[in-house]
Amino acid sequence: MSLRLNLALLILPAALLLVMPGYADDNGPVIPPATYGDQCVADTDIMRKEHMSLLNHQRDETVIEGIRGEPFSLVSCVNCHAQNDNGGQPIRIDAKGQFCESCHTYAAVKIDCFTCHAALPEENAVIGSLQNNLPVASTYSNKQLLVMQSHKVAHKASHDYQRK
Amino acid sequence: MTTSVNNNSGGDQPQGSGNAQLARRRFLQKLGLMGAVAASYTLLEVQAKTAASSDKRWGLFIDTSKCSSGCDACVRGCNEEHGIDAGKDEHTRAQWIRKIDLTDNLTGAESSVPVMCQHCDSAPCVDVCPTGASFKRADGVVLVNKHTCIGCRYCMMACPYKARSFIHENLTDQKPSAPRGKGTVESCTLCVHRIDSDQNQQPACAVSCTDEAHSAIVFGDLNDPDSDISKKLKTVGGSQIRADLSLNTGVRYHGL
Amino acid sequence: MISGAGYFQPLKSAGNYLLWMALLALLVLAGGYCAYTMEHEGHHITGMNNSIVWGLPHVFAISLILAASGALNGATLSSVFGNKTYSPYARLSVVLSICLLIGGLIVLVLDLGRPDRLAVALTTYNFKSIFSWNIFLYTGFIAVGVLYLATMLEKSLQRFTQTMGVVALIWRIVLTTGTGSIFGFLVGRSALDSAILAPLFIALSLVMGSAVLALVMTWAGRWQSQTVSARTQHSFVRLLLWCVLAVLYFSIVHHLTNLYVAEHQSDEHNVLKGAFAVLFWFSHLALLGIVAALAFALKQGEGYLSTMKWHAVCAVSLIACTMILYAVIIGSQSTPQLLFPDKTITASTFGDGGIGPYLPSVWEWGLGIGGTALSLLLFGVVLRVLPITSTTQS
């Protein structure tokens, strides 16, 4: 083998390690924990895999049919999942390393939702009541779970995520 | 497990609901959610989904005799509610409501009116929209679905009232209840986010007008003969802007 | 191919072909940059606003689309009406037509507020909207054009050329009508609420298409060391003359009827004496001048013009027609929408009752010119690849 080839064989994997740290040491994305509530609006596993279709479904229900106060509202995600900084001020949920961003960057997904939707929680949000009176899947599940099943298709990538 | 105790003993629960809860619980058990849900189970109410219904037709009644020329409380109320920055150039910023002062050509009588989306029954903006993003809800509210709006502005060409605004620049700090963003068209929503969630809520403009002690804007259900708005229309009467176009608007003016 | 056309071959790199292509590519790049900036910054950097919602990009796009339909003249005359004079230019005419349409559509798409949602536009339709129908008309036109071209290029298919020619002719008339109808049914804009617009658009399309085709014929001919024959030019002069007369006729009828209808008088005032007066009078006088020049040339016998003069005639026709479109599209928006017929507006926070402000920005010019350049660049590339240009004169 020529020297050049040898060098190339050496450098290539090193370069790969450098440019793809995610793959070099892949324990999944670092997802910040939820700020409020002790469980999500549906089973965590379902949320990981199906949140896009749930959100889309909710979006159409709210915008077109005017159905409100539902668990899969985008506002509610932000209310529970946006973190506070050390000074207690909320951080944009789409900021680097924050809830939606961390996972999406890892999965190379881009969303435009927060160019319109507020990325900060509501000021006097119903989080207090959410905490005590979680609108958990139970009350809503029947229809929504059917929706989930009908959408159970292409979300292969999301199956592997482990929360650190 | 407090919930199962409640269910089995009957307790103060009415009979029938126990069965329903049991059935639901079995369903949940299957999903393996049981443990997580049990703690908060009894606290939950099955919330009936209320969708916009064609039994209703929301509308506004505007009494121009009560509207005064210098007052723009409705505009400010609207801007505040939806996070609209009124400091920017008047031709590129969003204008959901605007105030127009008028002088009658014959009598010289002066009047002042707020003009917003007229929520037409046969809305030109809905007809022309290529993607169907511009649509009329079952209860008559004309809206833009900003998730499917491509920003072609054909609806703005078609609107006889100049009631729609295109967002010309990046926005930040939107209100959680009023998502808005660059490249899409928007207009008065009759504050659907308020009126949907609570039957007693009024659009922000009507509230501001009342707060200013003018009460020139009355919101209500045009289909309900007993609503304030229907009674007003019946007793004092109201006309449409550009009635010649036969658009059957949901916003009616008295004293135009 | 209908006989008399001689041999066709791909263009050999000759003369300043590469220079032209490089220049066009630069313009396309500049246009792309403008489009990117417009999308990134938002439309506030353009002259467009909530009063003038469609601006210069739309004037360019509609011009290109109309010219695309009109550029098919050469092919139609050749394969549908059997006019041998145009046979050597039939292929060129189809290719030009397709390229112009693509350029126009790209300008239209890049001006959208959310061009990234193009997929939505292509998958969800509201069949009440003329716009939706136009999406089919435009994509269909490209398909028909490609098939039409195929019947010319492929010997075994040449027996279908005439049929495809008829299909293309019908399609382009519907397409032009559809494009005119985008503006025709707008009840809220009195200046546009006129049935004359559809025939006006068809006439404009014929002039613009013929003029572009004529320019491009001499352009491509020069690289092939060909000149357009006197006979062809004579025929073109007559074609252009009639089309320009049609534009003048419909435009004048449009304005006269508007003057007659009381509720349109403020629109007319705006066009004839107000902000759009220069455009209006320049374009119409220029077209009158062209009519005079062409009629004079025909009277001289052969109808032969020097290449310089001929190019000038075509260029001025194009510019004048674009100006007429500008006055129709922008002028109709700048005239105030009449909300209160019996009242005078004394104050408004949104310019009600006043002329809407519009000054096109460099970004809009860049996008429009870039789209036009893209059409010509595509055209130039196809000329090199496919046997489009004829080596024999007619």
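The values are calculated or read from the model by the stated rules, or taken from the named source; none is laboratory data. What you are looking at is a predicted structure, and each value in this text was computed from that prediction instead of being measured. Cβ coordinates were reconstructed from backbone atoms using ideal geometry, including for glycine residues, and neighbour counts include every protein chain displayed. Areas reflect the complete protein model, heavy atoms only, side chains present, ligands, DNA and RNA absent. Shrake-Rupley method; radii C 1.70, N 1.55, O 1.52, S 1.80 Å.
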Cut-off under 15 Å on the C-alpha distance; same-chain residues fewer than 8 positions from B:LYS88 excluded. Which aspartates and glutamates are left, in chain and number order? B:GLU80, B:GLU169
Under 17 Å from the Cα of A:LYS110, which aspartates and glutamates turn up, not counting those fewer than eight places away in the same chain? A:GLU50, A:ASP94, A:GLU101, C:ASP116
For the interface of C with B, what's the total buried accessible surface in square angstrom, probe 1.4 angstrom, rounded to the nearest hundred? 4700
With the dipole of chain C worked out from charges on the C-beta (+1 for Lys and Arg, -1 for Asp and Glu) around the Cα centre, which of C:TRP223, C:ALA119, C:TRP281 lies farthest toward the positive end? C:TRP223
Length-normalised contact order of the stretch B:20-254, Cα under 8 Å, at least 6 apart, in percent, tallies to 27
Read phi for every residue in the stretch B:155-171 and hand back ³J(HN,Hα) as whole Hz from Karplus 6.51 cos²θ - 1.76 cosθ + 1.60, θ = phi - 60°, with x for Gly and Pro. 4, 6, 5, 7, 6, x, 10, 6, 8, 9, 10, 9, 8, 8, 8, 5, 10
DSSP loop (so not H, G, I, E, B), at most 13 other Cβ within 10 Å: list which GluC sites (Glu not before Pro) in the stretch B:97-206 pass both filters. none
Length-normalised contact order of chain C in % [C-alpha pairs under 8 Å, at least 6 apart]: 35
Over 27 Å between C-alpha atoms is what I'm after, so list which of C:LYS84/C:LYS299; B:LYS175/B:LYS232; B:LYS136/B:LYS182 land there. B:LYS175/B:LYS232
Using alpha-carbon pairs under 8 Å, 6+ residues apart, how would you state the relative contact order of the stretch B:74-193 in percent? 26
Kindly express, to the nearest 10 degrees and within the range 0 to 90, the angle between helix C:161-184's C-alpha long axis and the longest C-alpha principal axis of chain C. 10
May I ask for the distance between the Cα centers of the stretch B:166-216 and the stretch C:329-360, given as a whole number of Å? 25
Put a dot 7 Å past each Cα toward the Cβ at C:TYR304 and B:GLU212; how far apart are the dots in nm? 7.7
Range in chain C, longest, excluding exposed GluC sites (Glu not before Pro) [loop by DSSP; at most 14 other beta-carbon atoms within 10 Å]: C:1-153
Can you tell me the 0 to 90 degree angle between the C-alpha axis of helix C:130-153 and the longest principal axis of chain C, rounded to 10? 10
Straight-line reach from B:LYS231: which aspartates and glutamates fall under 15 Å, measuring Cα to Cα and dropping same-chain residues less than 8 apart? B:ASP63, B:ASP221
Please give the net charge around B:SER54, taking every other residue with its beta carbon less than 11 angstrom from that of B:SER54, where Lys and Arg add +1 and Asp and Glu add -1. +2
Rounded to two decimals, what is Rg over Rh for the stretch B:20-254 when you use alpha-carbon atoms and the Kirkwood radius? 1.06
